[in-house]
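Read through the structure below, which is laid out as structure tokens, and then see the notes.
The values are calculated or read from the model by the stated rules, or taken from the named source; none is laboratory data. In this text the structure is predicted, and so the values were computed from the model without any measurement. Cβ coordinates were reconstructed from backbone atoms using ideal geometry, including for glycine residues, and neighbour counts include every protein chain displayed. Accessible surface areas use protein heavy atoms only, side chains included; no ligands, DNA or RNA. Shrake-Rupley method; radii C 1.70, N 1.55, O 1.52, S 1.80 Å.
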Amino acid sequence: MIEMSDLLQFVVDEDASDLHIEVGAPPMVRIHGEITPLELDKLTPEDTERMVKSIASEGQIQRLQESGTVDFGFAFADLARFRVSAFKQKGYYGTVLRQIPNRILTLEQLGLSESVKDLLYRPRGLVLVTGPTGSGKSTTLASMIDIINRERACHIITIEDPIEFYHDHKRSIVMQREIGVDTTSFEEALRRALRQDPDVILVGEMRDLETISAAVTAAETGHLVFGTLHTTGSARTVDRIVDAFPTNQQAQIRTQLAASLIAVISQILLPRQDKPGRIAAFEIMMSTPSIQALIRDNKTFRITSELQTGAKYGMNTLDSHLLELYQKGLISYADLVTNCQDQETIISKLKELEEDN
């Protein structure tokens, strides 16, 4: 009989990022971005139900039965934490568990510049960390919160679904609230947070108009707010926020955003070429008077050119960072070309570099 504890031990030992449990297939793990089936029997409906119930509480099982899905955090002894998404499909139980590293990485280990660290000492403003699912946004945010926790005397409130990285109180007090356990929604928790004397607020996901509006307002009224969006690129991130609002409110939100947004860090994760593992590529936009004017005037299509010339402010495009990683031998040519936003320019730059050599 396949036991969940044995599978979780394997995930920890092999440093897999995800474990997939579904009826009709053997357990599968994702290692360095690739999904691999384990050499085990295909799982039966009884197997998957038993495995889900072995890690979920009665309340979580009830929510799963009522709504067809439930998300929660789960600690595997003291070895690792997992973000769990349990669900029903074709009437059967299934689940995907993502391993959350016990160790919080530094910004240097993540590959982020000193200019990003400077953001963490700002008294107010909105910092957005964006990217597709599984791109490492939570890891980046945990690193940022850890630095503030160690180096500033603040009250930090995090609102997460579910809580991933646990933060002990250090120089700061850290209050971590989980959707569905400690509060009903991001918007409700964010509204309440403003009455709890926060200095720093982390909003795990800005997924609707009410949450986005509350986060922007909190940043305007003297708080340092961190949030995430599933967007790639600074310009698209600004457009996504503005487009969430009704047309008659978009001019106002552009003005608010121009004043409150201090940075957008957009990231993707790619397989390493030089050794096993993955590496992050970043696009970084810092707020400058020029960027603020482009946001106010609805000219976000010009943000990329500002990033290209904004190195002195700590800015760079995703394409320039991808090219740098490729030149260092850290990512493959295929990943460079597939993930860049302007293939023609990247290919012509590579040709120029080859000719120069």
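Counting lysine pairs in the chain whose alpha carbons fall under 17 angstrom apart, excluding pairs fewer than 8 residues apart on the same chain, gives 7.
Net charge near residue 244: determine it from the other residues with C-beta under 15 Å of the C-beta of residue 244, scoring Lys and Arg +1 and Asp and Glu -1. Charge balance near residue 244 sits at -2.
Could you let me know the centre-to-centre spacing of the range 106-171 and the range 1-43, using Cα atoms, in angstrom? Using only Cα atoms, the two centres lie 30 Å from each other. Pick from 189, 219, 77: which residue has the top mean-square fluctuation in a GNM of the chain where Cα pairs under 10 Å get a spring? Sorting by GNM fluctuation, first place goes to 77.
With the Cα gyration tensor of the range 302-357 giving a ≥ b ≥ c as the square roots of its eigenvalues, does the rule (a/c under 1.5 for rounded; else a/b larger than b/c for prolate; else oblate) give rounded, prolate or oblate?
prolate
Report note on the peptides 60-73, 91-104: ranked by the mean count of other C-beta atoms within 10 Å, highest first, their order is 91-104, 60-73. Report the local net charge at residue 167: Lys and Arg +1, Asp and Glu -1, summed over other residues whose C-beta lies under 12 Å from its C-beta. Within the 12 Å Cβ shell, the charges total -1. Working from the Cα coordinates of the chain, the gyration tensor eigenvalues give, after taking √(5λ), semi-axes of 35, 28, 19 Å in decreasing order. Residue separation of residue 298 and residue 324 scaled by 0.36 nm, minus their Cα-Cα distance, works out to 6.3 nm of gained length.
Taking Cα centre as origin and charging only the Cβ of basic (Lys, Arg, +1) and acidic (Asp, Glu, -1) residues, the dipole magnitude of the range 265-327 rounds to 100 debye.
Judged by the gyration tensor of its Cα atoms, with axes a ≥ b ≥ c, the range 1-104 is oblate; a/c meets the 1.5 cut and b/c is at least as large as a/b. Taking 7 Å steps out from each Cα toward its Cβ at residue 85 and residue 337 produces label points 3.1 nm apart.
When only the Cβ of Lys, Arg, Asp and Glu is charged (+1, +1, -1, -1), the dipole of the range 91-218 relative to its Cα centre reaches about 260 debye.
Protein heavy-atom accessible surface, 1.4 Å probe, per residue over the chain: 48 Å². Of the whole protein surface, residue 187 contributes about 60 Å² of accessible area at a 1.4 Å probe radius.
The heavy atoms of residue 164 offer some 20 square angstrom of accessible surface to a 1.4 angstrom probe.
Taking all protein chains together and a probe of 1.4 Å, list 338, 217 from the most accessible to the least accessible.
I get 338, 217, largest accessible area first.
Charge dipole of the chain (Cα centre as origin; +1 on each Lys and Arg Cβ, -1 on each Asp and Glu Cβ, all else neutral): 1020 debye, rounded to the nearest 20.
Ranking 330, 315, 289 by Cα position along the charge dipole of the range 256-357, where only Lys, Arg, Asp and Glu carry charges on their C-beta atoms, puts 289 farthest toward the positive end. For the chain, with all protein chains in place and a probe radius of 1.4 Å, 47% of the accessible heavy-atom surface sits on carbon or sulfur.
The helix-only estimate of mean residue ellipticity at 222 nm for the chain, built from DSSP H runs of length n ≥ 4 each weighted as -39500 (n - 2.57), is -11500 deg cm²/dmol after division by the residue total. Other residues whose C-beta falls under 14 angstrom from the C-beta of residue 63 contribute a net charge of -3, scoring Lys and Arg +1 and Asp and Glu -1. Name the residue farthest towards the positive end of the dipole of the chain from the options 244, 62, 298, assuming +1 on Cβ of Lys and Arg, -1 on Cβ of Asp and Glu, about the Cα centre. Sorting the options by dipole projection puts first 298.
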